[in-house]
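Contents: one structure, followed by commentary.
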Ligand SMILES: Nc1ncnc2c1ncn2[C@@H]1O[C@H](COP(=O)(O)OP(=O)(O)OP(=O)(O)O)[C@@H](O)[C@H]1O
Ligand SMILES: [Mg+2]
């Protein structure tokens, strides 16, 4: 839970910049949330507050009932606990890989925590499985892998701490379409099967439409929309003010709806669109199987 959160960079310097201006939001256990907004709107700043990496200028950050910045002798322990519960994957996390093997990289944080070898071993294998890395890659150098695989190694390194919440800052940026699709499929699986709460920062509305249930839109350090994905994507004026376009599928289906095609106005995924279009196909002259065969009558 975040309450009245303000963040100011370079508070007393020449580059003073209020990056977050009073954010209130609550993310419930097991939610799958998308965080979007234009460049510089404060997305990365906000997610670094989720596990206490940044300190608020004002406001409260509460993780599972732990008030992170409440002064007191226990503060250090509270921050450490928050960082264990909320795993944060930075943008281009593969730039922080540095060990000689995939195994050592993923094992880094649990080893640092002082866990015994067999537990570290178990955690690494579990994390590799969760992101779909085959076990035989464990002894390879992370730098010999594809871009998508390297990023999954970095995510596995965070999962090895067994966080309940996984926050990913632009996790598909720079990946090719296959790497992107694979990563999204694994995130979906982490949510459905492992029950993780996931917060996904993304510029890509199609990606969010395909994955998340709730969308939070930031602009100039403020929340300008927060609600079910279909509702937020239907608010074209708010999206336009953020310089964002609704997902392509939503745009197309909305247009068809407006032109009188009997499809629902708010459709977010290609699958839903396919079902909706097939359901009305027989009623559309273009698709009618009983239409008269072309006779060539118009031919010269
Ligand atoms: N370390 C920093 N020092 C000073 N200002 C910063 C720092 N990091 C970010 N800012 C400023 O704070 C504001 C919010 O930046 P932030 O990186 O959170 O935005 P963002 O929404 O993540 O943008 P992007 O989509 O480009 O990643 C911007 O004006 C940015 O220039
Ligand atoms: Mg950012």
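The values are calculated or read from the model by the stated rules, or taken from the named source; none is laboratory data. Worth saying up front: this structure is predicted, and the values here are computed from it rather than measured. Cβ: placed from backbone, ideal geometry, glycine included. Neighbour counts: every protein chain shown.
Tabulated data
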quantity: Tally, over segment 81-137, of residues that are in contact with a strand residue (DSSP E or B) (Cβ under 8 Å, 6 or more places away or on another chain) and either surrounded by fewer than 20 Cβ atoms within 10 Å (Cβ to Cβ) or within 12 Å of residue 159 (Cα to Cα) (or both); calculated: 8
quantity: Close pairs (8 angstrom Cβ cut-off, 6 or more residues apart or separate chains): not assigned by TED's automatic domain parsing to the domain that holds residue 111 in segment 121-140, surrounded by fewer than 17 Cβ atoms within 10 Å (Cβ to Cβ) anywhere; calculated: none
quantity: Subset tally (residues that are surrounded by fewer than 21 Cβ atoms within 10 Å (Cβ to Cβ) and away from ligand 2 (no atom under 16 Å from the Cβ)) for segment 33-64; calculated: 8
quantity: Any chance residue 92 is more than 24 Å from residue 213 (Cα to Cα) and either within 16 Å of ligand 1 (Cβ to nearest atom) or in contact with a helix residue (DSSP H, G or I) (Cβ under 6 Å, 6 or more places away or on another chain) (or both); calculated: yes
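Residue-by-condition table, conditions (1) under 13 Å from residue 223 (Cα atoms); (2) touching a helix residue (DSSP H, G or I) at 6+ places or on another chain (Cβ under 8 Å); (3) within 16 Å of ligand 1 (Cβ to nearest atom):
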site	(1), (2), (3)
12	no, no, yes
55	no, no, yes
61	no, yes, yes
69	no, yes, no
